[in-house]
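The values are calculated or read from the model by the stated rules, or taken from the named source; none is laboratory data. If you're wondering where the values come from, they're calculated on a predicted model, not measured in any experiment. Cβ coordinates were reconstructed from backbone atoms using ideal geometry, including for glycine residues, and neighbour counts include every protein chain displayed.
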């Protein structure tokens with residue numbers, strides 16, 4: 001869950017996977033502000049204000065950047081511009097305990113924190129992949145170099161299809 005402005009890689013990938021352009025059609029998990037608010041609360045623990053259009057734009061840019069990274073291409077200029085624009089500068093603030101705390105400045109702290117998490121993931125050493133199932137376009141962090149599918153069910157579908165094709169021929 002969301003803690004101290006830090007989102008983990010799994011949360012960012014879940015955010016990126018809220019729009020899937022599958023061969024069977026588009027799957028949009030944030031179709032409107034109310035649904036987005038529920039998803040953000042449930043999946044990220046976010047309960048503050050947010051700009052729906054900015055969140056959707058950022059999500060699409062993150063998907064584009066993940067795809068470029070996986071393909072070994074440089075980041076696209078437009079996607080990079082959206083991500084960089086969403087990143088919020090930090091400002092120092094004195095707390096009641098005489099400590100200095102860094103906090104994001106600006107109105108849309110959600111986009112800033114999502115952008116920060118995306119930059120960390122995209123520039124880090126995490127092995128990001130796209131599911132190898134032909135009808136799945138989910139991004140995931142590989143936990144094993146041989147891992148091809150984001151979920152067991154995708155691997156099971158592929159293995160079942162291969163088995164069916166072998167037995168049907170025979």
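Summary table below
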read-out: Test: residue 137 is out of contact with any helix residue (DSSP H, G or I) (no Cβ under 8 Å at 6 or more places or on another chain), within 18 Å of residue 12 (Cβ to Cβ) and at pLDDT below 90; value: yes
read-out: Enumeration of residues in region 112-139 that are surrounded by 18 or more Cβ atoms within 10 Å (Cβ to Cβ) and assigned to a loop (DSSP other than H, G, I, E, B); value: 131, 133, 136, 137, 138
read-out: Residue ID - farthest from the chain's Cα centre (by Cα), chosen from residues in region 100-121 that are modelled with pLDDT under 80 and over 15 Å from residue 61 (Cβ atoms); value: 101
read-out: Candidates 30, 65, filtered to the one that is within 25 Å of residue 127 (Cα to Cα), buried (at least 18 other Cβ atoms within 10 Å of the Cβ) and in contact with a helix residue (DSSP H, G or I) (Cβ under 6 Å, 6 or more places away or on another chain); value: 65
read-out: Matching entry among 86, 92 (being assigned by TED's automatic domain parsing to the domain that holds residue 64, over 14 Å from the mean Cα position of the chain (by Cα) and surrounded by fewer than 17 Cβ atoms within 10 Å (Cβ to Cβ)); value: 92
read-out: Selection from region 11-37 of residues that are part of a helix (DSSP H, G or I) and farther than 17 Å from residue 115 by Cβ; value: 33, 34, 35, 37
read-out: Residues located in region 15-41, provided they are over 15 Å from residue 60 (Cβ atoms) and modelled with pLDDT of 95 or more; value: 32, 33, 34, 35, 37, 38, 39, 40, 41
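The rows are residues; the columns are (1) assigned to a loop (DSSP other than H, G, I, E, B); (2) more than 17 Å from residue 15 (Cα to Cα); (3) touching a strand residue (DSSP E or B) at 6+ places or on another chain (Cβ under 9 Å).
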residue	(1), (2), (3)
56	no, no, yes
73	yes, yes, no
78	no, yes, no
82	no, no, no
103	no, yes, yes
110	no, no, no
